[in-house]
1. Looking at the chain as a GNM with Cα springs under 10 Å, which of V122, V39, V147 has the largest mean-square fluctuation?
2. With all protein chains present, how much of the accessible area of the chain (probe radius 1.4 Å) comes from carbon and sulfur, to the nearest whole percent?
3. If you split all Cα-Cα distances of the chain into 20 Å bins from zero, what percentages do you get per bin, shortest first?
4. Using alpha carbon centroids, what distance separates segment 253-327 and segment 199-218, in Å?
5. With only Lys, Arg, Asp and Glu charged, each at its Cβ (+1 for the first two, -1 for the last two), find how big the charge dipole of the chain is about the Cα centre; round to the nearest 20 debye.
6. For V321 and T142, FRET efficiency with R0 = 35 Å and r from the beta-carbon atoms, rounded to 0.05?
7. Any chance you could list P(r) for segment 248-307, counting all Cα-Cα pairs in 5 angstrom bins from zero, rounded to whole %?
8. Per DSSP H run of n ≥ 4, the term is -39500 (n - 2.57); total these for the chain, divide by its residue number, and report the mean residue ellipticity at 222 nm rounded to 500 deg cm²/dmol.
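The values are calculated or read from the model by the stated rules, or taken from the named source; none is laboratory data. Bear in mind that the values here come from a model prediction, so they are computed numbers and not experimental data. Don't worry about glycine lacking a Cβ; one is built from the backbone with ideal geometry, like all the others, and counts go over all protein chains shown. Heads up: the accessible areas ignore ligands, DNA and RNA and are worked out on the full protein's heavy atoms, side chains in. Shrake-Rupley method; radii C 1.70, N 1.55, O 1.52, S 1.80 Å.
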Amino acid sequence: MTPGPRKAAAYLGALAGLSLTLAACSSGADPAAYPEDDVEIVVPFAAGGPTDTVTRMIAEPMAQELGVQIVEGAGGTVAAGQVAAEDPDGYTVLMHHIGMSTAPALYGDALAYDPVADFRTVGLVTEVPMTIIARSDFEPDTLEDFVTYVQEHESEVTMATAGEGAASDLCGRLLTSALGVEVTVVPYDGTGPAMEDLVGKQVDFMCDQTTNTTTQITEGTVKAYAVTTPERIDALPDLPTTAEAGQPDIAVSVWHGLYVPAGTPDEVVEKLTAALQTALADQSVIDQMAGLGTTPVELDRATPEAHTELLTEQIATWSDVIGTQGG
Ligand code: MLT
């Protein structure tokens, strides 16, 4: 399906961010008739990464109601800020994750938006485990060996992230803080391109979501040390948890949610929440997520209320953690 001319031209010219264009028939902004025009879901990281992967999974079933097309870009907090400035008509949606809750502490007054005041929540999507992985020829074979190696080599070791405030950055901070080391951070537009360099042995390690690492770990194109969840995961049964490997403080899962600009009418939010819940109940989504180490949230969490509750709690939590770490 092709995007409507109004939204497509406006979108491609303005937003730097991956988008899913949910095509429809004619333009309009009548909440009762919503959607009458294209709807974009903006993913603020480069194509091929875990946030893009999760968005593609839910877009298919959501497209039962509307239809989907993908346009590429990259942007992190830039794309989130631009979505906040879009018309509150439900035609621009943001997919974002735990980074919405860390950005205020990391960026302070420089942040171009308020994650709570400038958005309405649509609902939570999934909480994705993270894995500590390295290039396949990296010397350490276990997390214990990795800890010793990084403590001995510090800044000689390179760590890929998707930029400050990304989940990969957050997990990296937890890791280096727990180990008491400084490594050389190599930022990318997303962990999709970062994974390409890791498989290509251009960077030493990273902490990334199972939706981006399960295949590479299974195929052996990267070395895996641990998963950051309390229990091992079915998709990677042989991978120890960080707690088993002696690093219980490196424990984080990446929750994802959908947002629309503040002021979006209730009727529009309700239709998007319903479409999201349809997607999360879809067996193909459940199976795809299971194959990549994660699950949809319970449907009673795929609601604006539950999403807002988690977002506000997480902003407070990570503000404390990041404040303690010195930002
Ligand atoms: C991150 O926070 O590391 C991002 O999710 C990576 C990505 O989606 O590309």
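1. Checking each option, the largest mean-square fluctuation is seen for V147.
2. Details: 6150 of 12530 Å².
Carbon and sulfur atoms account for 49 percent of the accessible area of the chain.
3. The distribution over the chain is 34, 56, 10, 0, given as percents.
4. 24
5. On the way: 11 positive and 49 negative charges, 81 e Å.
Here the size comes out at about 400 debye.
6. Working: r = 27 Å, r/R0 = 0.76.
It comes to 0.85.
7. Calculated over all Cα pairs of segment 248-307, the distribution is 3, 15, 23, 22, 16, 11, 6, 2, 1 percent.
8. Working: 11 runs with 129 residues, N = 327.
Result for the chain: -12000 deg cm²/dmol, rounded to the nearest 500.
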